[in-house]
Amino acid sequence: MDPRIVRTRRSLRQAALELATERALDEITVGDIAERAGVNRSSFYQHYSDKETLLADALDAVVEETGASLEGPLDRIDEPPAAFLRFIGHVDEHAELYRWALGPHGSSVVTARLRSRVEALVLHHLALAEDAPFEGIPDDIVAAGVAGSGLGAVRAWVEGEPRAPVPVATGWLWRMLLLGAGRRLD
């Protein structure tokens, strides 16, 4: 891919995430995003049809980066990998965005992209597992269940008042995901 396209898309994703930490999504315009990214509105529309698609791409890139850090087998399951802790920190930093995206009136585009990315990570780790924790259940069904419950748990956490601190929530979510993937913690 042309390096200019990669650079422009990265700038737009970063701008959208930065703005989402500063104010509510319905207050952010395409013009705001383009200005923050240092491009014009027509450049925005050359790459994205709307801000919802841009946000889906931005959050998908974060999950992809986290997943790339979790490529090998999970040797230590007693504590979450650093990449998972960073991801939950990112969710905390952008809690309003995740509340909106995963909420009842949120974005089906963002939710579907996140769910798909998490399902791919689960499938990858199921393939690496030495045992078959869900014998008789197709891996795609297991992956869908783990991804759906994981995103549901993230939604419940970001909606919580007061919201548990990142290290605490990371521990909860890690344990829940491992148990959902059939891994024992003892």
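To keep it simple, each residue is scored yes or no on (1) crowded, with 18+ Cβ neighbours inside 10 Å; (2) assigned by TED's automatic domain parsing to the domain that holds L114; (3) out of contact with any His (no Cβ under 9 Å at 6 or more places or on another chain).
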| site | (1), (2), (3) |
| --- | --- |
| T29 | no, no, yes |
| I33 | yes, no, yes |
| S43 | no, no, yes |
| T66 | yes, yes, no |
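Just checking, does region 155-174 include any residue being more than 21 Å from E93 (Cα to Cα) and modelled with pLDDT under 90? No.
Is it the case that S116 is exposed (fewer than 12 other Cβ atoms within 10 Å of the Cβ), free of Cβ contacts under 8 Å to residues at least 40 places away in the same chain and at negative phi?
On the way: exposed (fewer than 12 other Cβ atoms within 10 Å of the Cβ): no; free of Cβ contacts under 8 Å to residues at least 40 places away in the same chain: yes; at negative phi: yes.
In short, no.
The values are calculated or read from the model by the stated rules, or taken from the named source; none is laboratory data. The structure displayed is predicted, hence computed values, not measured ones. Please note: Cβ atoms are built from the backbone with ideal geometry, for glycine as well, and neighbour counts cover all protein chains shown.
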